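The values are calculated or read from the model by the stated rules, or taken from the named source; none is laboratory data. Keep in mind it's a predicted model, so treat the numbers as computed, not measured. For the accessible areas, the whole protein counts, side chains as well, though only heavy atoms, and no ligand, DNA or RNA atoms are used. Shrake-Rupley method; radii C 1.70, N 1.55, O 1.52, S 1.80 Å.
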Amino acid sequence: MNKILKRAFMPSLLAASLAGVSLVPIQPASADDKILEDTAIGAGVGAVSGIIRGRSVINGAINGAGTGAAINGANGLRGTRKERQQRSIIQDAGVGAAAGAATNGITNGGRGTFGSAATGAATGVIINQIRKSR
């Protein structure tokens, strides 16, 4: 009986959900045009941190890339371009630390969370300084 109900209702539910999703107005992403640069900077910092800490360079690069994207997203939430250029080093370091710890929890199962948070904070400071110099 359960299979019969699934076969009868699932196609119509799927069609209704697809139609509903396409009618919802799409909101622009909060990241700005520098997301690839921030992600690459984060990946580089994470890879170097992986070498220094004696950890996996690949996992370090993945964690750093996630951190760079999170930092970019946090600054992309600001309204105007001028507001996005007035970055706070404390905010970037804090977002970096939180994102580093979160991505470490996903990729490493929580081992080395403090080190990944420190690497994320360093990534935030480096991205902040690069963006301020331009």
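Laid out as a table, the results:
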quantity	calculated
Residue-level accessible surface for R53, protein heavy atoms, 1.4 Å, Å²	90
Computed over segment 31-133, Kirkwood Rh from alpha-carbon pairs, angstrom	12.9
